[in-house]
Amino acid sequence: VKFRDWDDFCVKAWELANTDGGSARWSIKLSPSKGVLKVKVTNNSKTYIYQLQDVEAEFNKVKQFSLSMSRILTRFEERGKAKKKPRTRA
């Protein structure tokens with residue numbers, strides 16, 4: 001799903017990361033020739049995309065988004081590690 005509104009994109013992306021943090025992932029790709037920055041959040045069934053046209057003006061929004069997504073997904077990784085049982089060697 002492509003979004004035109006940054007705030008709507010952020011809300012949906014954070015919801016996806018909070019509900020399905022185990023399989024959620026995100027990426028940021030710059031296309032210098034087009035002057036476009038794509039922010040993509042996906043899991044096994046949904047994909048959300050937002051394209052920034054004015055990278056310099058909107059860079060701080062992407063920076064804050066990146067920090068938030070890192071925090072959310074790191075929390076899920078830590079929970080997953082705590083649940084795993086230690087392996088026993090034979």
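The values are calculated or read from the model by the stated rules, or taken from the named source; none is laboratory data. Quick caveat: nothing in here was measured; it's all calculated off a predicted structure. We place every Cβ from the backbone using ideal geometry, glycine too, and count neighbours over all the protein chains shown. Just the protein is used for accessible areas: all its heavy atoms, side chains included, with ligands, DNA and RNA removed. Shrake-Rupley method; radii C 1.70, N 1.55, O 1.52, S 1.80 Å.
Testing V55 on (1) open to solvent by less than 70 Å² (accessible area, probe 1.4 Å); (2) modelled with pLDDT of 85 or more; (3) touching a strand residue (DSSP E or B) at 6+ places or on another chain (Cβ under 9 Å), one condition comes back false. Which one is that?
Every condition holds for V55 apart from (2).
Would you pick out the residues in segment 34-51 that are farther than 12 Å from V62 by Cβ and open to solvent by 90 Å² or more (accessible area, probe 1.4 Å)?
K34, N44, S45, K46
Give the number of residues within segment 13-33 that are free of Cβ contacts under 8 Å to residues at least 12 places away in the same chain, open to solvent by 80 Å² or more (accessible area, probe 1.4 Å) and in contact with a strand residue (DSSP E or B) (Cβ under 9 Å, 6 or more places away or on another chain).
Start the filter on segment 13-33 by keeping residues that are free of Cβ contacts under 8 Å to residues at least 12 places away in the same chain, which leaves 15, 19, 29, 31-33.
Retained after the next criterion (residues that are open to solvent by 80 Å² or more (accessible area, probe 1.4 Å)): 15, 19, 29, 32-33.
Subsequent filtering for residues that are in contact with a strand residue (DSSP E or B) (Cβ under 9 Å, 6 or more places away or on another chain) retains 29.
Within segment 13-33, residues that are free of Cβ contacts under 8 Å to residues at least 12 places away in the same chain, open to solvent by 80 Å² or more (accessible area, probe 1.4 Å) and in contact with a strand residue (DSSP E or B) (Cβ under 9 Å, 6 or more places away or on another chain) number 1.
Suppose we filter segment 36-61 for residues that are over 16 Å from the mean Cα position of the chain (by Cα) and assigned to a strand (DSSP E or B); how many remain?
Taking segment 36-61 first, the residues over 16 Å from the mean Cα position of the chain (by Cα) are 36, 53-58.
From what is left, the residues that are assigned to a strand (DSSP E or B) are 36.
Total meeting the criteria: 1.
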